[in-house]
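What follows is a short report on a single structure.
Just so it is clear, none of the values below were taken in a lab; they were calculated from the coordinates. Model, not experiment: these values are computed from the prediction. Cβ placement follows ideal geometry from the backbone for every residue including glycine, while neighbour counts extend to all protein chains displayed.
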Amino acid sequence: MRFKTIAVSNYRNIKLARLNVDADRVFLLGRNGQGKTNLLEAIGYVTSLRAFRARENDTLLGPESPQAEILYEIDHEEFDETQARVLIKKKGKEVSLDGESVRRASDFVGRFPAVTLSSEDLSIVRGSPGGRRRFIDTFLCGIDRQYYVALQRYQKCVQERNALLKKGAAASLMRPFEAQMISPALEVIGKRKQVIGELGELASRFYGTLSGSEEQIGVSYKPNADPESEEAYWTLLDKNRKRDEILHSTGKGPHRDDFELSLNGRVASDFASDGQQRSIALSLAFATIAYWRERFGVCPALLIDDVLGELDPLRRERFWNALDERIQLIATGTELPDAASGKDWMVYGVENGRFELKA
C-alpha cells in the first residue's frame, strides 16, 4: 500500500495542507512544534480511526471550525487507487470511500494499514502499561473490526459503570451495565491473548537482525484478570464490588491489562540496556508489518516520528537492512536522515503548520 496524496484541514495546528507523498521515502523536516507529527498522525488516522497521541476528538480539532477533514489518495493491493475521506467532529466522525458514505466505522477500520513508530514507542519496554495497551489496541483495531467494536463497547460500559459508582448507585442498578460489559471484555481478552503471542513469535525473527546478536526476546500477555466464562466474570465483579464502591472506579478488567517484554528469559525493563530496549521496540514494529503482510497480503506504510535520529549509527544501518524496500516510509525529524537504502528522500520543510517541498 502507498499513500499518494494527503490533504488536511483544521487538524491541530494545520489550517490547510495538501502534499504529494507518492515516493518510497518521504521526510518531514523542521524544528519541534511546527506540525510534523500532526501531519504524520493525520496520515496514520486512516488505519484504525484513532490518533496515536490522543483519545478525545476535540484535542485534534484546530481553531478554524468545529471539525477537521483529512483526504487520502491511496494505491492499494486490493482496492487499487482509492480516495478516502475522514471528517472528525467533537463527537463522532464520518468516513467515505470514493465518495460513498461508510455507515459503520467498523466497516472502514483496517482497510488501509499504516504502522506508526514514535519516540514513545521506542520506550515501550520501560514505559507505562497504558502505553503498551495503546500500542496493542491501535494494532488490533486495525486488523480486526470485531475487536474495534468490542473495545469501544467495553470502554463505554466501563465509563458508565464508573459514573454509577461515583453516584453511589446500588449494585442492582449496575447489573444491566455489567451484563453488557462482560461479552466484549471476554472478546478483548481472548484476542489480545492470541495476537500478542503471535506478535512475539514474529518479533523474535527481527531481533537478531536489529541487534546483531543471538539473544532471544519474548512477548507475554499479562492480563489484569483472566476469567474464562461469563460466570467467572460475574464472580470477578462481585468479588471486587466493595473495593470498586469505595474507590469509585472499576479495578479489574482488560482496561488494566499489560504485556511483558523479556530478553533471554529475564524482564527486559529490568535487565536490558537502552540499546537492547530500542532493538526490541523496533522488532515489535517490524512484527506488526510482517503480520499484515503474512495474514492479509497487504504491505503497510511505515510512519516514523522523530525516531531515526535517536538510533546510533549501527542500529540505523541494521534498521535499513531489515526494512523491506517495497515499504513506503514517511518519517519526521529535525535533521536530514542518512541515505535510505540507496533511495532518495522526498523532503518537505515544515514551519508553523505549513509544508514546502524542497528542491
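Before moving on, here are some points about what is shown:
- Computed [θ] at 222 nm, deg cm²/dmol, the chain (DSSP H ≥ 4; -39,500 (n - 2.57); rounded to nearest 500): -13500 deg cm²/dmol
- Across the stretch 34-48, rounded Karplus estimates of 3J(HN,Hα) from the backbone phi angles (6.51 cos²θ - 1.76 cosθ + 1.60, θ = phi - 60°) give 9, x, 4, 5, 4, 5, 4, 5, 5, 5, x, 4, 5, 6, 10 Hz, Gly and Pro being marked x.
- Shape category assigned to the stretch 1-134 from the gyration tensor of Cα positions, a/c cut at 1.5: rounded
- Size of the stretch 200-359 as Cα extents on the principal axes (Å, biggest first): 65, 44, 34
- By DSSP, the beta bridges lying fully in the chain are antiparallel in about 70 percent of cases.
- The stretch 36-58 residues near the modelled Leu87 label - backbone nitrogen below 18 Å, point 7 Å along Cα→Cβ: 46, 49, 57-58
- Shape of the chain, Cα gyration tensor, a/c cut at 1.5: oblate
- Residues with amide H under 5 Å from that of Ser249, placed H, sequence gap 5 or more: none
- Computed from Cα positions, the angle between helix 230-239 and the longest principal axis of the chain comes to roughly 70 degrees.
- ³J(HN,Hα), Karplus 6.51/-1.76/1.60, whole Hz, each residue of the stretch 263-272, x for Gly, Pro: 10, 6, x, 10, 4, 5, 5, 9, 10, 8
- Crossing angle, helix 145-166 versus the chain [Cα axis fit, 0-90 degrees, rounded to tens]: 50
- For Arg126, distant residues with modelled amide H under 5 Å away: none
- Less than 5 angstrom separates the built amide H of Ile304 from those of Leu117, Ile330, Ala331, Thr332, all sequence-distant by 5 or more or on a different chain.
- Residue order, fewest to most beta carbons within 10 Å, for Ser204, Ser65: Ser65, Ser204
- Checking the cross-link pairs Lys193/Lys252; Lys4/Lys36; Lys15/Lys156; Lys15/Lys343 against a 23 Å limit on the alpha carbon distance flags Lys15/Lys156; Lys15/Lys343 as lying beyond it.
- Folded to 0 to 90 degrees: helix 171-211 orientation relative to the chain principal axis, Cα: 40
- For the stretch 201-254, the relative contact order comes to 29 percent (Cα pairs under 8 Å, sequence separation of at least 6).
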